[in-house]
Amino acid sequence: MTQTPMIRMSGVEKAFGSKTVLRGVDLEVAKGESLVIIGGSGTGKSVTLKCVLGIIHPDAGEIEIGGAPATRRNREALLSRFGMLFQGGALFDSMTVWENVAFRMRHGHGRLPRAQAREIAIEKLRRVGLTPETADLFPAELSGGMQKRVGLARAIATNPEIIFFDEPTTGLDPIMAGVINDLIRELVTEMGATAMTITHDMTSVRAIADRVAMIHEGKIRWQGDVEEMDRTDDPYVDQFIHGKAEGPIAAIR
Amino acid sequence: MTILAPIQIFLAAIGRAVLTLCGGTGALVLFALRSVSHVFRPPWYPLEFGRQLMRIGWFSLPVVGLTALFTGGALALQIYTGGGRFNAESVVPSIVAIGMVRELGPVLGGLMVAGRVSASIAAELGTMRVTEQIDALTTLSTNPLKYLVAPRLLAATLAMPVLAFIGDVIGIMGGFAVGVTRLGFNPSTYINTTWTYLTNDDVGSGLIKAAVFGFIIALMGCWQGYNSGRGAQGVGKATTNAVVSASILILAANYILTEALFPA
Ligand SMILES: Nc1ncnc2c1ncn2[C@@H]1O[C@H](COP(=O)(O)OP(=O)(O)O)[C@@H](O)[C@H]1O
Ligand SMILES: [Mg+2]
């Protein structure tokens, strides 16, 4: 990889009290690449993303975005380049769907007039397969799959360079999961964005990923191209992708 | 060594508690200073501020009004029977007024609003924390202290004095109603005595207290909610802690302010 990576993490560590979650994560994502992170639940996948976003401050290690170190000082500038779909959606339940999608355009610097922001929001909703009628509903009135799509629309609303998807298909039926997977792949290709996706759904991995990284016990256990994933003799990866109960990964955590 | 071990454990526990307390207080002060600084720096969120003003001020009116009404009435009865022991029944109007305006209006009003508003702010921000809505704000380039905390602090600090003032008036009216109907006061004498003995300092001091209490109410609600633990249990605990800490801080601040405003 000769090009400067879009995201570079080196030796990132994080503990909550006495509980160590990340023990030195080293990871690089090239510009325009779609990386998928796999790993058991509670292994620190979400924490990894939140460290890159600066929502969680790592105890040690470095994070660079586009070659420049991410600090508390330049965080706000960096965040305007990011979009994030949260695991639980994290939609603002006091606002309507379109206000959620248009949030960044309606608040802070360079805010757009209401009508224009609404128009863009409706366009983004259509992009994720939602009709304009959903725009004026509240998040609580939507099904889980629709909430995920609103979350997606909000994440891509301002065409970010870097998009994070935290378990985009968890809790959805297989058909809806397929729709979301295709959508993510299309969006990444069409917007040329750099993407990091967390999932434990192997169908998702194959649909979305250029490259795969597996996190285990606070470190990147394995990484490589999707094609290599099936050929690797790493017992951890093998156990995970085939969902075997027997193997080096203890089932009780 | 064996005799000293339990003492060491005991001292270590005290040391830990003191450190936690100091660390916690430091973090709270930092949180408050940061949030207040956002009140003075753009961008501002007037819509959010207006919404909080309605919720904290307008919707607290019934609670504060009823509290003041019954307190004023009870105060009149108490002072009448108490004053009767010194043949001083005529002090009822002035003591009701001074007691309401300087002490009971702001303190009881503050405690009632603490129960209502601290709890609801803590539950709201706690839920936002638990469902990652606060993290989502950050990723959407919006500072949660500026967007969520600052408007609530400002709204509560401005609304509480107004509420306390309305409470003062209603409380005095409660005393008046009891005085005239039950204790045989002449209506115009009652009002005249009230006016003669009540000073601007009495009213002003009560309003200053109320502003401080309003700040405490919003701060404790925001602080507890913002740092809520995980899950429904975390939010429940945050809500309880917000009400308890706001109430105790109000009572403590009331004593300190009374010392400062009316040194003995
Ligand atoms: N804010 C936090 N405070 C304390 N513990 C946390 C926090 N966030 C995550 N954790 C803990 O870190 C571990 C990893 O969490 P997470 O990254 O969410 O797992 P996952 O890999 O399933 O996304 C979990 O055990 C979780 O309890
Ligand atoms: Mg997670």
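Some observations on this one:
- Residue in the stretch B:158-165 that is over 22 Å from B:LEU257 (Cα atoms) and small (Gly, Ala, Ser) present: no
- Checking each residue in the stretch B:185-198 for being β-branched (Val, Ile, Thr) and loosely packed, with under 12 Cβ neighbours inside 10 Å picks out only B:THR196.
- On inspection, A:LYS148 passes the criterion of being assigned to a helix (DSSP H, G or I), closer than 25 Å to A:ILE55 by Cα and of a type in the set (D, E, K, R).
- The condition of being closer than 27 Å to B:PRO151 by Cβ and at pLDDT 95 or above holds for only one of B:GLY73, B:GLY65, that being B:GLY65.
- Subset of the stretch A:190-212 that is away from ligand 2 (no atom under 16 Å from the Cβ) and of a type in the set (S, T, N, Q) - its residue that is nearest to the other protein chains (Cβ to nearest Cβ): A:THR194
- Among residues of the stretch A:183-203 that are touching a residue at least 40 places away in the same chain (Cβ under 8 Å), those with a beta-carbon under 8 Å from a residue that is part of a loop (DSSP other than H, G, I, E, B) and among the acidic types (Asp, Glu) at least six positions away or on a different chain give the pairs A:ALA193/A:GLU161; A:THR194/A:GLU33; A:THR194/A:GLU161; A:ALA195/A:GLU33; A:ILE198/A:GLU167; A:THR199/A:GLU167; A:HIS200/A:GLU167.
- Applying the criterion of at least 1 residues that are within 11 Å of chain A (Cβ to nearest Cβ) to the helices (runs of 4 or more DSSP H) found wholly in the stretch B:78-152 leaves B:119-130, B:133-139.
- Residues that are closer than 23 Å to A:ARG81 by Cβ, outside any loop (DSSP other than H, G, I, E, B) and modelled with pLDDT under 95 are absent from the stretch A:222-234.
- Exactly one residue out of B:ARG116, B:ARG41, B:ARG55 is charged (D, E, K, R) and over 21 Å from B:VAL244 (Cα atoms): that is B:ARG41.
- Look at (1) touching a strand residue (DSSP E or B) at 6+ places or on another chain (Cβ under 8 Å); (2) farther than 19 Å from A:THR43 by Cα and you find that A:ALA177 fails only one, number (1).
- Conditions (1) assigned to a helix (DSSP H, G or I); (2) away from chain B (no Cβ under 14 Å): number failed by A:LEU172: (1)
- Total residues in the stretch A:1-19, condition closer than 25 Å to A:MET229 by Cα and within 16 Å of ligand 1 (Cβ to nearest atom): 2
- For the stretch A:195-208, the condition holds for at least one residue, the condition being that it is in a strand (DSSP E or B) and either touching a Pro at 6+ places or on another chain (Cβ under 9 Å) or surrounded by fewer than 19 Cβ atoms within 10 Å (Cβ to Cβ) (or both).
Residue-by-condition table, conditions (1) modelled with pLDDT of 95 or more; (2) within 16 Å of ligand 2 (Cβ to nearest atom); (3) of a type in the set (A, V, I, L, M):
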| residue | (1), (2), (3) |
| --- | --- |
| A:ALA77 | no, no, yes |
| A:TRP98 | yes, no, no |
| A:VAL101 | yes, no, yes |
| A:VAL128 | no, no, yes |
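- Positions within the stretch A:22-57 being basic (Lys, Arg) and within 12 Å of ligand 2 (Cβ to nearest atom), in sequence order: A:LYS45, A:LYS50
- Filter result for the condition that a residue is away from ligand 1 (no atom under 11 Å from the Cβ) and not polar (S, T, N, Q), over A:LEU49, A:LEU22, A:LEU35: A:LEU35
- Unique residue being surrounded by fewer than 21 Cβ atoms within 10 Å (Cβ to Cβ) and among the basic types (Lys, Arg) when the list is A:LYS148, A:LYS219: A:LYS219
- Of the candidates B:THR71, B:THR25, B:THR20, the single residue that is among the polar types (S, T, N, Q) and in the same structural domain as B:ILE121 (by TED's automatic domain parsing) is B:THR71.
The values are calculated or read from the model by the stated rules, or taken from the named source; none is laboratory data. What you see is a predicted model, and the numbers here were worked out from it, not measured in a lab. Backbone-built Cβ (ideal geometry, glycine too); neighbour counts: all protein chains shown.
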